[in-house]
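**Q** I am attaching a structure below and will ask some questions about it afterwards.
The values are calculated or read from the model by the stated rules, or taken from the named source; none is laboratory data. In this text the structure is predicted, and so the values were computed from the model without any measurement. Cβ: placed from backbone, ideal geometry, glycine included. Neighbour counts: every protein chain shown. Each accessible area value is taken on the protein alone, full model and side chains, heavy atoms only, with ligands, DNA and RNA left out. Shrake-Rupley method; radii C 1.70, N 1.55, O 1.52, S 1.80 Å.
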Amino acid sequence: MTVVKSVTSTGSYAVGGTITYDILVTNSGNVTLDNVTVSDLDATIGVCSPAQGSSLAPLATMTCPATYVVTQANLDAGSFTNTATADSDQTTPVSDSETVTFTQAPAMTVVKSVTSTGPYAVGDTISYSIVATNTGNVTLTNLVVSDPLLTPSSNTCASVAPGATCTLSGAYVVTQADLDAGSFTNTATADSDQTTPV
């Protein structure tokens, strides 16, 4: 017996998207195979033709559709491999695996805003909120939001899913030099294992 698993859908795939497969089992021997079955631990097997448990004469085939719903873990891994297995009363199990790769697009935005209200005098505190948002399609790890002039100067989020945020709330104390200059500008930066600094 031989089994061939093939992908019948077309990517690219997002979380919640469905990968569809065809699983083709062929009796490649010279005796009838009884109680032919197809299984796949990860995918959902549809209605096979002929039905599961049927007999297959030499050179006859059984075709089973299968589906799998893409998860965030699959996108984070970059690929998904699963295996279909066929069996019968006369043979040992035979398997075939298929790998689907995903397009990973890590991305991030940073928005810094002042949350306090002026005017400010020497010794007053300017409060900031710095929000880094995962705008890509993969989970960002070790996302660090930092601003060396603020207290606290950084915040680390171990894992930020797509659409989620990591926030640093910090403060700066106004100095005489700031008033003399007429303004104060500082810069926040966010970085992660998957992105370049923003």
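**Q** Using modelled backbone amide H atoms (1.01 Å from N, in-plane), which distant-in-sequence or interchain residues come within less than 5 Å of S54's amide H?
**A** For S54, the qualifying residues are V36.
**Q** Please compute the modelled spin-label separation between S183 and A57, points set 7 Å along Cα→Cβ, answer in nm with one decimal.
**A** Modelled inter-label distance: 8.6 nm.
**Q** Based only on Cα atoms, what mean projected area does the convex hull of the range 53-131 have, in nm²?
**A** 10.2
**Q** Related question: Considering the options T151, T167, T115, tell which one lies farthest towards the positive end of the dipole of the range 54-198, charges being +1 on Lys and Arg and -1 on Asp and Glu at the Cβ, about the Cα centre.
**A** So the residue furthest toward the plus end is T115.
**Q** Turning to a different aspect of this structure: Say each of S79 and N35 gets a label point 7 Å from the Cα, pointing the same way as Cα to Cβ; how far apart are those two points in nm?
**A** 3.6
**Q** Work out the length of the dipole vector of the range 88-186 about its Cα centre, built from +1 on the beta-carbon of each Lys and Arg and -1 on the beta-carbon of each Asp and Glu, and round it to the nearest 20 debye.
**A** Computed charge dipole of the range 88-186: roughly 260 debye.
**Q** Magnitude of the Cβ-charge dipole of the chain, K/R +1 and D/E -1, about the Cα centre, nearest 20 debye?
**A** Its charge dipole is roughly 260 debye.
**Q** Something else: Mean residue ellipticity at 222 nm from the helices of the chain, using -39,500 (n - 2.57) per DSSP H segment of n ≥ 4 over the full residue count, to the nearest 500 deg cm²/dmol?
**A** When only DSSP H runs of four or more count, the value is -1500 deg cm²/dmol.
**Q** Could you give the length gained on full extension between T10 and S49, defined as 0.36 nm per residue of separation minus the Cα-Cα distance, in nm?
**A** 11.7 nm
**Q** What distance in nm separates the simple spin-label points at T67 and D42, each placed 7 Å from Cα in the Cβ direction?
**A** The answer from the label model is 1.8 nm.
**Q** Hey, what does the equivalent ellipsoid look like for the range 1-127, semi-axes from the Cα gyration tensor as sqrt of 5 times each eigenvalue, largest first, whole Å?
**A** Over the Cα atoms of the range 1-127, the semi-axes work out to 55, 11, 11 Å.
**Q** Quick check: residue separation of Q104 and T18 times 0.36 nm, minus the Cα distance between them. What number comes out in nm?
**A** So the extension gain works out to 29.3 nm.
**Q** Right, another one. Calculate what fraction, in whole %, of the accessible area of the range 68-198 sits on carbon and sulfur atoms when a 1.4 Å probe is rolled over the protein chains.
**A** Summing carbon and sulfur atoms, their accessible area is 53 percent of the total for the range 68-198.
**Q** When ranked by the protection proxy of mean other Cβ atoms within 10 Å per residue, highest first, what sequence do the peptides 97-105, 144-152 form?
**A** So the order, starting with the most tightly packed, is 144-152, 97-105.
**Q** Please work out whether the range 110-198 counts as rounded, prolate or oblate from its C-alpha gyration tensor, where a ≥ b ≥ c are the square roots of the eigenvalues and a/c under 1.5 means rounded, while otherwise a/b larger than b/c means prolate and anything else oblate? Walk me through the numbers on the way to the answer.
**A** Values: a/c = 2.96, a/b = 2.69, b/c = 1.10.
Prolate is the answer for the range 110-198, as a/c is 1.5 or above and a/b outweighs b/c.
**Q** Sticking with this structure for a sec: Rolling a 1.4 angstrom probe over the protein heavy atoms, how many square angstrom per residue are accessible across the chain?
**A** Values: 9930 Å² over 198 residues.
Ligands and nucleic acids excluded, the figure is 50 Å² per residue.
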